[in-house]
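Engineer: First the structure, then my questions, so here it is.
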């Protein structure tokens, strides 16, 4: 074999060795990536199992047939009035929607301007515990006549995942259009708060310009001797706190 043939053979062997090393590196990389993909597949399967389990826990009980649980609210301002007319229409609506009535909350003889009502308080407590899915009332003014209180209450219900339906105004927060109406109510409530603040600030500025003293007026000490000889006894007789009695006594002595 000539020297030229030896050189060609050596070059061919070197190329073969380099190719074998490259194949080994590629094989190792493929094994690493295959193991990583397998780990990712296991993690994905575990996450999917957790998600399915969470969704199963959030589903309504099997005995309810998957129907939404609806809470009914009615209110009358006097004891002579009867809330049954309101409840009948709400019951028909719930039946037509295929919902299941959870409980009826009724306030008798209570004005809608009051934020705290026995039945309404119980309703909000059950809503926070997620005992029903939607609140249905006959008209919006049955739930409350204060726009600010109404919007705050509806935002609390929305925060805990409870929808709201008012039959009289056609508000249905289970639909996108109903949610839009709720946002409009929130904007109106904010507008009302700002207008009230502007009127209050304007009145305070006018009072200051007229030289009026703002704040609660201080009481004046009674024109008599200090009874009992002590601050405690004087405060008891005058029906004021000890600090007020002490101030009055100091004023009388001056």
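The values are calculated or read from the model by the stated rules, or taken from the named source; none is laboratory data. Predicted model only: the values in this text are computed from it and were never measured. Every residue, glycine as well, gets a Cβ built from its backbone with ideal geometry; the counts of neighbours run over all protein chains shown.
Engineer: If you go through segment 222-254 one residue at a time, how many are part of a loop (DSSP other than H, G, I, E, B), touching a helix residue (DSSP H, G or I) at 6+ places or on another chain (Cβ under 7 Å) and either at pLDDT 80 or above or in the same structural domain as residue 148 (by TED's automatic domain parsing) (or both)?
Structural biologist: Filtering segment 222-254 for residues part of a loop (DSSP other than H, G, I, E, B) gives 222-226, 230, 239-241, 254.
This time we only want the ones that are touching a helix residue (DSSP H, G or I) at 6+ places or on another chain (Cβ under 7 Å), so: 222, 226, 241.
Among the residues that remain, those that are also either at pLDDT 80 or above or in the same structural domain as residue 148 (by TED's automatic domain parsing) (or both) are: 241.
Counting residues in segment 222-254 that are part of a loop (DSSP other than H, G, I, E, B), touching a helix residue (DSSP H, G or I) at 6+ places or on another chain (Cβ under 7 Å) and either at pLDDT 80 or above or in the same structural domain as residue 148 (by TED's automatic domain parsing) (or both) gives 1.
Engineer: Related question: Against the definition (crowded, with 16+ Cβ neighbours inside 10 Å, in contact (Cβ under 8 Å) with a residue 40 or more places away in the chain, under 18 Å from the mean Cα position of the chain (by Cα) and over 17 Å from residue 70 (Cβ atoms)), how does residue 135 come out, yes or no?
Structural biologist: no
Engineer: Still on this structure, I have one more. Is it the case that residue 151 is more than 15 Å from the chain's Cα centre (by Cα) and surrounded by 14 or more Cβ atoms within 10 Å (Cβ to Cβ)?
Structural biologist: Here the answer is no, as residue 151 does not meet what is asked.
Engineer: If I ask for residues that are touching a residue at least 40 places away in the same chain (Cβ under 8 Å) and surrounded by fewer than 18 Cβ atoms within 10 Å (Cβ to Cβ), which ones from segment 93-118 would you list? Give the steps one after another, and end with the answer.
Structural biologist: In the first step, residues of segment 93-118 are kept if they are touching a residue at least 40 places away in the same chain (Cβ under 8 Å); the result is 93-94, 117.
The answer is 93, and nothing else.
Engineer: Which members of segment 154-202 meet the condition of being buried (at least 18 other Cβ atoms within 10 Å of the Cβ) and at pLDDT 85 or above?
Structural biologist: Within segment 154-202, 157, 162, 163, 164, 165, 166, 167 qualify.
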